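Trainee: My questions all concern the structure below.
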């Protein structure tokens, strides 16, 4: 959203708040019905959060990282426990089975610092495995880790099924000398080599997902830990791209794939880490297409976290940009979630890099503040 529009919305919301009365906050349990209710309502529970993309210091649970995030108004963190299955940079544990003693130590550090350990990214390498003993061992490990998450009070886990690496194939100059990463579908994509995990058909991919969900979601329900899948980045790739029919590959819309995923085990514990940038990459008209997706999933209570990233472009041709300059108007998303009683977080995601800021702390700091302002502006529009 252009900054001049953001300022107008913010100012208008503050004026509106000054001439109206009061309202109540919906609970998370109300979200399946409240999202369909057009009545605006103030929501003091949805918030900005930080994850494994932005870690300041030697470890996510270090005092240095806590203080960095506190300076930016962030008190909820979602680190990665994945030892490398989805290419994340921050590694909190290096084996399939998490170390409960370490987790308790990190939880204690959070509590003492006034931070919330909100979510954790799990080892996403399950999706590589065909039916057999190794896959069963992996599932058993995931179940044990869900139980450990529950023991330290983590309320959500996320994963990102990446049978082929996240697709980026170009860099373009960005503002202030930064670099924007992007992707354009290759004209000769059929000639690309098959990926490291071989040929995986549409039915095989969905068999793996179905087995995972039917095994782990009942455990999540028992342990009160939600499971949130991050859509594959980028959606809408042609089936057979590098040998894989991705679960959110074409033909069909991104929403079709999300509906299929959440319907396999239709439970409030089976939902999404909804990456707005990723979903936009799979849309022909992101600005218009993203809002029905958010409304649908919010109405079902299936959004457990957001990744908030903006893009320029559309399906098969996009670049990742700063949060305030892309094609999407995020105030509309925050309004939907405000009225749905959403209690989760919005996490900045994939900000541009610059040689003076190789770890992108400047970009993440700007994104944290921008998201905070979106929440404040949306709440200022309604009474209470």
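The values are calculated or read from the model by the stated rules, or taken from the named source; none is laboratory data. Remember, it's a predicted structure, so these values are computed and weren't measured experimentally. Don't worry about glycine lacking a Cβ; one is built from the backbone with ideal geometry, like all the others, and counts go over all protein chains shown.
Trainee: Out of everything in the stretch 45-58 that is at pLDDT 95 or above and either more than 17 Å from the chain's Cα centre (by Cα) or not in a loop (DSSP other than H, G, I, E, B) (or both), what residue ends up being nearest to residue 228 (Cα to Cα)?
Mentor: Checked the stretch 45-58; the qualifying residue nearest to residue 228 (Cα to Cα) is 51.
Trainee: Taking the stated definitions as given, is residue 213 crowded, with 16+ Cβ neighbours inside 10 Å, in contact with a helix residue (DSSP H, G or I) (Cβ under 6 Å, 6 or more places away or on another chain) and at pLDDT 95 or above?
Mentor: yes
Trainee: Of 182, 236, which residue is at pLDDT 95 or above, part of a loop (DSSP other than H, G, I, E, B) and closer than 24 Å to residue 350 by Cα?
Mentor: That would be 236, the only listed residue that is at pLDDT 95 or above, part of a loop (DSSP other than H, G, I, E, B) and closer than 24 Å to residue 350 by Cα.
Trainee: Check 381, 325 and return the single one that is closer than 21 Å to residue 279 by Cα, more than 17 Å from the chain's Cα centre (by Cα), surrounded by fewer than 23 Cβ atoms within 10 Å (Cβ to Cβ) and in contact (Cβ under 8 Å) with a residue 40 or more places away in the chain.
Mentor: On inspection, the qualifying residue turns out to be 325.
Trainee: While we're here: Among the residues of the stretch 172-190, which ones are farther than 20 Å from residue 315 by Cα and without any contact (Cβ under 8 Å) to a residue 40 or more places away in the chain?
Mentor: Of everything in the stretch 172-190, just one residue is farther than 20 Å from residue 315 by Cα and without any contact (Cβ under 8 Å) to a residue 40 or more places away in the chain, namely 173.
Trainee: Further question on the same structure: Restricting to the stretch 69-112, name every residue that is modelled with pLDDT of 95 or more, surrounded by 15 or more Cβ atoms within 10 Å (Cβ to Cβ), within 21 Å of the chain's Cα centre (by Cα) and not in a strand (DSSP E or B).
Mentor: 69, 72, 74, 75, 79
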